[in-house]
Each structure stands twice: as structure tokens, then as C-alpha cells.
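Encoded as C-alpha cells, the structure appears first; notes follow it.
The values are calculated or read from the model by the stated rules, or taken from the named source; none is laboratory data. Note that the structure is predicted; figures quoted are calculated from it, not measured. Here the Cβ positions follow ideal geometry from the backbone for every residue, glycine too, while neighbour counts run over all protein chains shown. SASA here: full protein model, heavy atoms, side chains in, ligands and nucleic acids out. Shrake-Rupley method; radii C 1.70, N 1.55, O 1.52, S 1.80 Å.
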Amino acid sequence: DSADLILKVFPEISGRLQIEAHGQHFFSNPVTLPVSNDSKQLVVGVVGSIGQAKGASVIVEMAREGTCRVVVIGKLAPGFESLPGLSVHGTYEREELRDLLERYKVSVCLVPSIWPETYNFVADELMTLSMPIVSFDIGAHAERIKKYARGKVISLALADDPVALAREISTFSNEVMVETESSEQKRAV
């Protein structure tokens, strides 16, 4: 995505532009899935400092819709209301992320950015933890999530339809859980 943006302005450097991924690896132990959730309500994790460009209104509307619980592990921009289906943990240290995802019983994470990003550290952190991730099809992180085995990239149009968004995330989460349970059963045999 960054290369595409640069080439729009400087098309003459097309043959000389080289792309290299950050290659970050933040954690050594993945999150244990499936996360047990006694309430049976899907818990969607959103990690980071979430302002308007990062999708604050998207997650508030999804929480308001009510078919899933949204947990922000990080901060939510001022001006976005608190709802019964929305929890905001607040700031955290990177080393705490794995334990926080398990403590809140997060089954799937959403990277709700509605503007393109050139890089997203949170997406890398979540991939290193083997978390299922859903993202809108926009920006550099979407390109990486498309290639990630536990990733799903969805249309940005779903940002305006919280019911369809929650349904899409829930369907993907269920698919990942079935795959995870099937893999665990094969290893046990």
C-alpha cells in the first residue's frame, strides 16, 4: 500500500523501489484458543489507541448493536460513549497483551481502521500471538492479514453496517474455532 501511494506521486522510480517488511516478532507464546467463554457471547478484541481514523465509531456502533461484546485493550478516544457491551481496559504494556486477551476471553480481534495505514504494529503483535484477526480491506495491514492463516479481510462498506459486521466477525470466529479444535483432535490421535 505504501509503495502504491509513493508510485502515484513518483512513477519514475518504479523499478528502483524495494519493499521490506518490518519482520517484528514480539511474543514467544501464542494465545491459547479456543478461549473459554461461559456466556457464549462473542468477545471481539480491539487493541491500541482507538480514535476516529482507527475506527472508534465502528466499534461503538457494533457494541451498541449488541450481538457481541467489544473489549478495547488500550484507549478509546474521548467523546465516544460507554455502552454495556463495550469495555475499555486502558493503557497496557506490550508484555501484558497475551494475558489480557485471555483474561477478557477474546476470541477474535478486529483492526477497525477506516483510513489506510502504512504499517500497523498491533496487527503484527496479534499475528505473533496467533490471534484470529479481521480487518477492513484498506491499508498495508490488510495486505499482511490477507496472507495470514488466521486472518480475514472484509469490505470497508461493513464499517457502516454494524449488524453485518458483527455477523461476519462471528462467522469467521466460528470457522477458526472449528479449525483449531480439529487440529487439536488430530494432534491428540
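For Lys152, indicate whether it is of a type in the set (Lys, Arg), under 15 Å from Ile50 (Cβ atoms) and open to solvent by 10 Å² or more (accessible area, probe 1.4 Å). No, not satisfied. Does segment 140-162 contain at least one residue that is farther than 18 Å from Ile59 by Cα, touching a residue at least 60 places away in the same chain (Cβ under 8 Å) and outside any helix (DSSP H, G or I)? No - not one qualifying residue is present in segment 140-162.
I want to confirm something. Restricting to segment 55-76 and keeping residues that are at negative phi and touching a Ser or Thr at 6+ places or on another chain (Cβ under 8 Å), which single residue is surrounded by the most Cβ atoms within 10 Å (Cβ to Cβ)?
Of segment 55-76, the ones at negative phi are 56-65, 67-73, 75-76.
Narrowing the set further to residues that are touching a Ser or Thr at 6+ places or on another chain (Cβ under 8 Å) leaves 67-72, 75.
Values: Thr67: 16, Cys68: 23, Arg69: 22, Val70: 28, Val71: 25, Val72: 25, Lys75: 16.
So the residue we want is Val70.
Let's see how each residue does on (1) touching a Pro at 6+ places or on another chain (Cβ under 8 Å); (2) modelled with pLDDT under 95; (3) on the phi < 0 side of the Ramachandran plot; (4) of a type in the set (Ser, Thr, Tyr):
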| position | (1), (2), (3), (4) |
| --- | --- |
| Ala140 | yes, yes, yes, no |
| Lys147 | no, yes, yes, no |
| Ala164 | no, no, yes, no |
| Glu168 | no, no, yes, no |
| Ser173 | yes, yes, yes, yes |
| Val178 | no, yes, yes, no |
| Ser183 | no, yes, yes, yes |
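Quick grid of which residues meet (1) basic (Lys, Arg); (2) farther than 26 Å from Ile6 by Cβ; (3) out of contact with any Asp or Glu (no Cβ under 7 Å at 6 or more places or on another chain):
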| position | (1), (2), (3) |
| --- | --- |
| Arg103 | yes, yes, yes |
| Trp115 | no, no, yes |
| Asn120 | no, no, yes |
| Ala123 | no, no, yes |
| Leu126 | no, yes, yes |
| Pro132 | no, yes, yes |
| Ser135 | no, no, yes |
| Ile138 | no, no, yes |
| Ile145 | no, no, yes |
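Can you tell me which residue within segment 90-111, out of those that are part of a loop (DSSP other than H, G, I, E, B), open to solvent by 60 Å² or more (accessible area, probe 1.4 Å) and out of contact with any Lys or Arg (no Cβ under 7 Å at 6 or more places or on another chain), is nearest to Phe172 (Cα to Cα)?
Taking segment 90-111 and keeping what is part of a loop (DSSP other than H, G, I, E, B), we get 90-93, 104-107.
Next, only the ones that are open to solvent by 60 Å² or more (accessible area, probe 1.4 Å) stay: 91, 93, 105.
When the remaining residues are screened for being out of contact with any Lys or Arg (no Cβ under 7 Å at 6 or more places or on another chain), the result is 93, 105.
Details: Glu93: 28, Lys105: 16 Å.
Only one residue fits best here, namely Lys105.
Scan segment 132-152 for residues that are more than 24 Å from Arg64 (Cβ to Cβ) and in contact with a helix residue (DSSP H, G or I) (Cβ under 8 Å, 6 or more places away or on another chain) and the total you get is 7. Residues that are assigned to a helix (DSSP H, G or I), among the hydrophobic types (A, V, I, L, M, F, W, C) and out of contact with any Gly (no Cβ under 6 Å at 6 or more places or on another chain) within segment 117-139 comprise Phe121, Ala123, Leu126, Met127, listed in sequence order.
Evaluated against (1) in a strand (DSSP E or B); (2) of a type in the set (D, E, K, R); (3) under 18 Å from Arg64 (Cβ atoms), Glu81 falls short on exactly one condition, (1).
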